[in-house]
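Structure, as structure tokens:
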Amino acid sequence: MLHIVACIKQVPDTKVIKMNPKTNTMDRASAPAILNPYDAHAVEEAVRLKNKHGGCVSVVTMGPPPAVKAIRKCIEIGADEGYMISDRAFAGADTLATSYALTKAINKISEIKPIDLIICGKMTIDGDTGQVGPGIARRLDIPPLTSVNKVVEIQKEDGYMVVHRKLEDGHEVVKTTLPCLLSVEKEINEVPYSTFPNMLKAARYQPVIWSVNDLEDIDRKQLGLKGSPTIVAKVWAPPKPEGGKLFEGNSDEQVQQLLSVVLEKKELFTEMRGSK
Amino acid sequence: MSFEDYSGVWVFIEENEGKIAPVSLELLGAGRTLADKRGVELAGIMIGENVTGLADTIFEYGADTVYVYDQPIFKLYRTESFMKALLHCSEKYKPEIILYGATSTGKDLASAVATDLPTGLTADTTELDVEEDTGLLLASRPAFGGNIMATILCKKYRPQMATVRPKVMKALQPEKGRNGKLVPEQIDIKEEDMRTKVLKIVRETTKKIRIDEADIVVAGGKGLGSEQGFELVHQLARTLGGVVGASRDVVEAGWIGHHHQVGQTGVTVTPKIYFAIGISGAIQHIVGMKNSGIIIAINKDPDAAIFNSCHYGIVGDAFEIVPLLVKEFHKALHGEEVEV
Ligand SMILES: Cc1cc2nc3c(=O)[nH]c(=O)nc-3n(C[C@H](O)[C@H](O)[C@H](O)COP(=O)(O)OP(=O)(O)OC[C@H]3O[C@@H](n4cnc5c(N)ncnc54)[C@H](O)[C@@H]3O)c2cc1C
Ligand SMILES: Cc1cc2nc3c(=O)[nH]c(=O)nc-3n(C[C@H](O)[C@H](O)[C@H](O)COP(=O)(O)OP(=O)(O)OC[C@H]3O[C@@H](n4cnc5c(N)ncnc54)[C@H](O)[C@@H]3O)c2cc1C
């Protein structure tokens with residue numbers, strides 16, 4: 001029986017996000033909040049391992065009250081329990097403070113039931129740093145394994161597991177002791193459509209919610225904005241690429257114009273030849 | 001923490017099978033500028049087995065000092081062992097800034113080191129500057145899927161750390177024979193104490209094509225209609241000696257493998273020439289290619305967003321334009337002008 005904890009985050013859907021051109025800020029209201037797509041893969045992998053080996057999957061999130069919705073989405077995928085830490089004290093956390101708070105929550109979950117494995121997504125689509133997973137692993141002093149794209153085997157009795165880590169040109173097969181923390185790539189699995197029973201369960205599900213006072217031995221100085229070494233000093237819209245020069249005329253003429261522009265940069269081609 | 005104790009700019013030198021990762025050389029270029037502005041040393045830190053010989057290259061690319069941990073335990077990258085060496089070195093010499101490539105190794109290592117130090121870590125930086133007098137690192141990065149840029153500071157902790165995207169900084173022209181101070185270091189780590197073991201490395205030869213390293217990328221989108229239509233993209237790429245890129249929708253349709261995907265969830269490319277053919281120009285695609293030298297878009301819809309992100313555009317049907325391009329480039333490049 002395995003107890004797997006997946007860390008999940010609710011994020012604004014960056015695909016539909018709109019910028020306010022006057023203030024250069026994001027119009028958060030314009031973007032629906034969704035479960036971070038990478039975290040769906042983390043939860044799915046946990047559920048697959050549970051189905052194979054038996055056990056239970058808990059998900060944990062740090063976020064504002066509406067993040068309950070993201071937990072429900074995980075129940076739809078097949079998670080059993082959801083925990084949320086939510087408190088003003090956590091606001092403004094960078095990855096160092098986030099991993100600190102989450103580690104405290106994970107410690108509390110492990111008192112309820114010891115944890116064998118923690119799975120995070122590769123990154124979020126809003127902050128997209130990919131730093132929170134390794135941060136949690138270091139704080140718990142368990143091995144962090146990032147870029148995992150396959151779980152080969154897991155042996156709880158013998159206390160180890162074997163995974164594939166994606167490399168730039170292939171993968172490596174790594175054996176690690178348990179417990180450990182994986183950050184998973186999205187290729188690791190496909191998240192299937194939710195089943196009807198899971199949807200029903202999710203709709204009614206109420207996660208356990210802890211405030212900062214519920215977490216033991218917590219050092220408030222390490223939380224939120226105060227506990228964050230990095231500060232976002234300035235935010236601006238990325239420079240708009242200058243509108244392209246559209247060629248004119250019929251296809252042949254346009255192609256000729258393009259050709260003359262590109263071939264004028266002869267050095268591009270000679271350099272390439274030199275490097276061959 | 002007394003900031004006066006911290007001095008110098010460091011670059012973590014990533015090495016794979018005896019070769020220095022290009023991003024590390026790029027970071028030495030960027031680091032040189034920062035170090036000069038501060039009037040401090042630029043150092044490379046290298047961890048591996050049989051790597052000391054690479055120090056010369058690091059000097060030639062701008063480092064004043066190279067710290068080397070050359071021990072069998074570092075033959076293959078592992079977070080645990082590399083992190084220990086880096087912490088050891090940084091505690092001993094106290095740099096004010098450490099830069100890492102935002103590669104899977106660099107990000108993995110930097111996140112672990114930042115937690116233990118502890119200090120701030122700015123992710124995926126694309127612009128770097130430093131305040132001359134205070135030494136405050138100004139690290140700017142895209143966030144929210146490239147929708148915004150943010151400048152991140154780490155005012156109260158040292159060292160300041162950042163991972164930096166490959167291909168956005170420029171390596172210096174190497175100066176042959178340029179020399180510096182080599183500092184061999186050692187750390188006592190036993191294999192028995194390691195909790196992770198690399199059992200095997202599998203190189204996938206089909207993945208030989210590295211679109212992030214190509215000078216010319218010819219990328220196609222859903223506008224090509226089908227896998228057969230997408231063949232046009234391959235043809236143009238072959239003619240130009242470039243590699244094939246694709247939008248996510250094309251990858252999801254199964255016309256080409258995932259490692260050809262350009263964009264937020266694919267690969268970031270910075271070729272000298274980028275063709276976007278039948279690609280609409282969604283923000284997630286743009287963030288992966290916007291730093292290319294010349295961006296050329298071909299789309300039959302004059303209002304396609306891609307035309308806001310390209311240098312040159314042709315409004316037209318790919319099935320008419322691309323065969324013409326193939327023919328004309330063939331004539332120009334393989335005929336008399338240049339042989340590629
Ligand atoms: C514009 C901007 C830029 C920023 N840049 C930086 C920066 O450079 N460095 C920095 O340290 N911070 C930065 N931050 C802060 C950072 O976004 C937050 O700390 C955030 O809470 C966690 O980082 P992330 O979203 O990047 O998560 P990632 O590290 O990308 O997430 C990886 C995985 O960790 C887990 N996870 C992450 N957050 C949570 C959570 N709240 N609850 C449960 N699981 C979670 C998930 O499994 C997720 O897939 C930035 C914030 C903004 C607004
Ligand atoms: C979290 C997230 C991450 C994502 N990551 C990525 C990513 O990494 N990379 C990526 O590319 N996308 C990504 N996407 C998807 C992205 O939002 C777009 O859906 C995708 O890029 C669209 O692909 P496309 O341009 O090929 O197709 P479409 O949007 O369908 O565009 C096809 C274009 O072809 C043109 N066209 C049609 N016929 C012709 C013709 N005969 N000749 C010339 N032009 C023609 C049309 O006018 C149209 O502009 C992501 C989305 C999300 C939500």
Note down the nm distance, to one decimal, between modelled labels 7 Å out along Cα→Cβ at A:LYS226 and at B:THR52.
-> 5.0
Note to self: Kirkwood Rh of the stretch B:256-340, Cα pairs, one decimal, Å, is 13.8
Summarise the partner chain shielding of A:250-261 as one whole number: the mean count of Cβ atoms from other chains within 10 Å of each residue's Cβ.
-> 5
Highest mean first, what order results for A:83-94, A:254-265, B:240-251 on Cβ atoms within 10 Å?
-> B:240-251, A:83-94, A:254-265
If you plug each phi of the stretch B:246-254 into the Karplus form 6.51 cos²θ - 1.76 cosθ + 1.60 with θ = phi - 60°, what whole-Hz ³J(HN,Hα) values come out, in order, with x for Gly and Pro?
-> 8, 7, 5, 4, 5, 5, 5, 6, x
Using only Cα atoms, find the angle between the long axis of helix A:68-77 and the longest principal axis of chain A, and express it within 0 to 90 degrees, rounded to the nearest 10.
-> 90
For all pairs of alpha-carbon atoms in chain B, what percent lies in each bin of width 20 Å, listed from the first bin to the last filled one?
-> 29, 50, 21, 1
Honestly the stretch A:95-236 on the Cα gyration tensor test (a ≥ b ≥ c root eigenvalues; a/c under 1.5 rounded, otherwise a/b vs b/c for prolate or oblate) is just rounded
Using alpha-carbon positions, the gyration tensor of the stretch A:148-232 gives root eigenvalues a ≥ b ≥ c; with a/c under 1.5 called rounded, otherwise prolate if a/b exceeds b/c, else oblate, the class is oblate
How large is the dipole of the stretch B:41-102 about the Cα centre if only Lys and Arg carry +1 and Asp and Glu carry -1, each at its Cβ, rounded to the nearest 20 debye?
-> 300
Helix B:22-38 vs. chain B, principal-axis angle (Cα, 0 to 90°, nearest 10) = 60
About the Cα centre of the stretch A:171-260, what is the dipole size in debye to 20, counting +1 per Lys and Arg Cβ and -1 per Asp and Glu Cβ, all else neutral?
-> 560
Which whole-number percent gives the relative contact order of chain B, counting Cα pairs below 8 Å spaced six or more residues apart?
-> 14
Under 16 Å from the A:MET1 label point (7 Å along Cα→beta-carbon), backbone N, the stretch A:50-83 = A:50-58, A:80-81
Nearest 100 Å² is fine: how much accessible area is buried between A and B, summed over both sides, with a 1.4 Å probe?
-> 7200
Please list, or write none, the aspartates and glutamates whose alpha carbon is within less than 12 Å of the alpha carbon of B:LYS84, excluding same-chain residues fewer than 8 places away.
-> B:ASP116, B:ASP188
Once you average over the residues of B:312-323, how many Cβ atoms of partner chains fall within 10 Å of each Cβ?
-> 4
Taking every residue of B:156-168, the Cβ atoms of other protein chains inside 10 Å of its Cβ average out to 1
Just from the alpha-carbon atoms, what are the Rg and Dmax of the stretch A:69-113 in angstroms?
-> 12.1, 31
Which value in deg cm²/dmol, rounded to the nearest 500, describes the helix-derived mean residue ellipticity at 222 nm for chain B, given -39,500 (n - 2.57) per DSSP H run of n ≥ 4 and division by the residue count?
-> -7500 deg cm²/dmol
Put B:ILE97, B:ILE20 in order of accessible area, largest first, 1.4 Å probe: what do you get?
-> B:ILE20, B:ILE97
On a 0 to 90° scale, report how tilted helix B:79-93 is relative to the longest principal axis of chain B, with both axes built from alpha carbons and the result rounded to the nearest 10.
-> 50
Express the carbon and sulfur contribution to the solvent-accessible surface of the protein assembly as shown as a percent, rounded to the nearest whole number, probe 1.4 angstrom.
-> 51
Distant-in-sequence amide H partners of A:ALA233 (H built 1.01 Å from N, under 5 Å) = B:THR151, B:ILE152, B:LEU153
Between rounded, prolate and oblate, where does the protein assembly as shown land on the alpha carbon gyration tensor, with a ≥ b ≥ c its root eigenvalues, rounded for a/c under 1.5, else prolate if a/b exceeds b/c?
-> oblate
Would you rank A:ILE115, A:ILE231 by solvent-accessible area, highest first, keeping every protein chain in place and using a 1.4 Å probe?
-> A:ILE231, A:ILE115
Straight-line reach from B:LYS290: which aspartates and glutamates have a Cα under 12 Å away, not including same-chain ones fewer than 8 places off?
-> A:GLU242
Taking the Cβ of B:ILE187 as the center, what net charge do the other residues with Cβ under 14 Å away carry, scoring Lys and Arg +1 and Asp and Glu -1?
-> -4
Give, in nm to one decimal, the length gained when the segment between B:LEU182 and B:GLU131 is fully stretched (0.36 nm per residue of separation minus the Cα-Cα distance).
-> 15.5 nm
What aspartates and glutamates sit close enough to A:LYS52 to cross-link, taking a C-alpha to C-alpha distance under 12 Å and skipping anything fewer than 8 places away on the same chain?
-> A:GLU153
Among the listed pairs A:LYS69/A:LYS234; A:LYS73/A:LYS175; B:LYS37/B:LYS75; A:LYS245/B:LYS300; A:LYS18/B:LYS222; B:LYS19/B:LYS181, give every one whose C-alpha distance is greater than 27 Å.
-> A:LYS69/A:LYS234; A:LYS73/A:LYS175; B:LYS37/B:LYS75
Cα convex hull of the stretch B:132-267: mean projected area in nm², to one decimal?
-> 15.4
How much net charge surrounds B:LEU109 when only other residues with a Cβ under 13 Å from its Cβ are counted (Lys, Arg +1; Asp, Glu -1)?
-> -1
Around A:GLY170, which amide H atoms from residues at least 5 apart in sequence, or from another chain, sit under 5 Å from its own amide H, with H modelled in the peptide plane?
-> B:GLU204
Among B:HIS260, B:GLN235, B:TYR312 - extreme Cα towards positive end, dipole of the protein assembly as shown, charges at beta-carbon = B:HIS260
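The values are calculated or read from the model by the stated rules, or taken from the named source; none is laboratory data. Note that the structure is predicted; figures quoted are calculated from it, not measured. Because the Cβ atoms are built from the backbone with ideal geometry, glycine has one as well, and the counts that use them run over all protein chains shown. Only protein heavy atoms, including side chains, enter the accessible area calculation; ligands, DNA and RNA are left aside. Shrake-Rupley method; radii C 1.70, N 1.55, O 1.52, S 1.80 Å.
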